[in-house]
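Written below as structure tokens is the structure these notes are about.
The values are calculated or read from the model by the stated rules, or taken from the named source; none is laboratory data. Computed from a predicted structure; not experimentally measured. Note that each Cβ is placed from the backbone with ideal geometry, even for glycine, and that neighbours are counted across all protein chains shown.
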């Protein structure tokens, strides 16, 4: 029986490209590579305007801060270093490269030693140098999960292959087309964290991915592949840990407190690709979907390609009513198509007005639907009420910071109240109060 968790929803999945192989998007003439593509501190530029850079060259440095270095995704000339629109809604300093279409590689791009020939410390250092971050959308620098005192307690590395968000199917295709790379990346993560076991959770509506992963994992007795029930948010860290491992992370704690490190399957594949080719994290697979897209599907895209360039190549049948980075439940609506694809851009959705289904908010009818579906056992309607009234301390007292902003509450609300937005607001107020 497929494993699951309490709460959650079953939205229409609308995954139209699960059986179509991953394509390739042309590298554009101009790329805008943000110096912030991760949780942590913004990188500092290592190149100057007028300088020629090579593919795979480090162009954004991190120093000793929590960050992941940024690399050139093409060869060409730096024509500007300036603020550009970012997926977080702000203007972020970006390195603008004019592509020479030669893809000349930097001398540092050489295959790395096999995982068995490296120490834990060497692996962590390589993962950091390659700029690998959580590619499921979180963007947490991967090396930071593997080092320090917390990593000494890790017994399991858990890979998220659930991909429960509607529309998105990039991880699905990664598992089908590159299962050996996913397993190799998992082995790297296990050694780097000191974990004795690897685990991969895949929703049962992806039978081809389940079969591919089980076949690739068969030679390794310490790696398990688990079939998960089809439910959103099955891929959320805490729900995934519960479903796959039967462990519950206490409120206010992180996965490492129960001996687990969670990573995305695309993150594992990116580690493997970087190890075997020496090329840092300069491209990724994204899902391009929505009713406004002429040719929906999954494509390899160079980091720094703008949403406008992606949509121009895939084609538009109409002007999008809503443009989303990521999935429709946890993604963010973009105010301009000039934002650039980053390492944590899992999808670009160009939705029509009818498809967006944006309701007009009304009054709460006290139905408790939001309470029933909350996988964190919170009271979303009460949290939203406290947010509206500025009652920050009371919101914190009933668990506002435990909210994962996954969205089932807003999805089922018959009054159309933007519950997640209100909870995000009160969480930001709580964090601001804590830092005063």
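Here are some notes:
- Any chance residue 253 is modelled with pLDDT under 95 and not assigned by TED's automatic domain parsing to the domain that holds residue 398: yes
- In the set (1) buried (at least 18 other Cβ atoms within 10 Å of the Cβ); (2) more than 12 Å from the chain's Cα centre (by Cα), the condition left unmet by residue 140 is number (2).
- When the stretch 36-65 is filtered for residues that are part of a loop (DSSP other than H, G, I, E, B) and crowded, with 24+ Cβ neighbours inside 10 Å, the ones remaining, listed by number, are 37, 38, 43, 56.
- Test: residue 158 is part of a helix (DSSP H, G or I) and closer than 25 Å to residue 247 by Cα: no
- Scanning the stretch 173-204 for residues being outside any helix (DSSP H, G or I), over 15 Å from residue 260 (Cα atoms) and touching a strand residue (DSSP E or B) at 6+ places or on another chain (Cβ under 7 Å) gives a total of 3.
- Any chance residue 88 is in contact with a strand residue (DSSP E or B) (Cβ under 9 Å, 6 or more places away or on another chain), assigned to a loop (DSSP other than H, G, I, E, B) and at negative phi: yes
- Identity of the residue in the stretch 270-281, touching a strand residue (DSSP E or B) at 6+ places or on another chain (Cβ under 9 Å) and buried (at least 24 other Cβ atoms within 10 Å of the Cβ), that ends up nearest to residue 115 (Cα to Cα): 271
- Scanning the stretch 205-223 for residues that are touching a strand residue (DSSP E or B) at 6+ places or on another chain (Cβ under 8 Å) and crowded, with 19+ Cβ neighbours inside 10 Å gives 206, 209, 210, 213, 217, 223.
- Condition check for residue 164: assigned to a loop (DSSP other than H, G, I, E, B) and surrounded by 20 or more Cβ atoms within 10 Å (Cβ to Cβ): yes
- Residues of the stretch 311-347 that turn out to be in contact with a helix residue (DSSP H, G or I) (Cβ under 9 Å, 6 or more places away or on another chain) and over 21 Å from residue 12 (Cβ atoms), as a count: 9
- The single condition among (1) within 30 Å of residue 304 (Cα to Cα); (2) outside any loop (DSSP other than H, G, I, E, B); (3) touching a strand residue (DSSP E or B) at 6+ places or on another chain (Cβ under 9 Å) that residue 411 does not satisfy is (1).
- Single condition residue 125 does not satisfy, out of (1) within 23 Å of the chain's Cα centre (by Cα); (2) at negative phi; (3) buried (at least 16 other Cβ atoms within 10 Å of the Cβ): (3)
- Failed item, numbered, when residue 366 is tested on (1) on the phi > 0 side of the Ramachandran plot; (2) surrounded by 14 or more Cβ atoms within 10 Å (Cβ to Cβ): (2)
- Scanning the stretch 348-368 for residues that are in contact with a helix residue (DSSP H, G or I) (Cβ under 7 Å, 6 or more places away or on another chain) and assigned by TED's automatic domain parsing to the domain that holds residue 312 gives 348, 350.
- Every listed requirement among (1) assigned to a loop (DSSP other than H, G, I, E, B); (2) under 28 Å from residue 178 (Cβ atoms); (3) under 24 Å from the mean Cα position of the chain (by Cα) is met by residue 108 save one, (3).
- Condition met for residue 139 (at pLDDT below 95 and not in a helix (DSSP H, G or I)): yes
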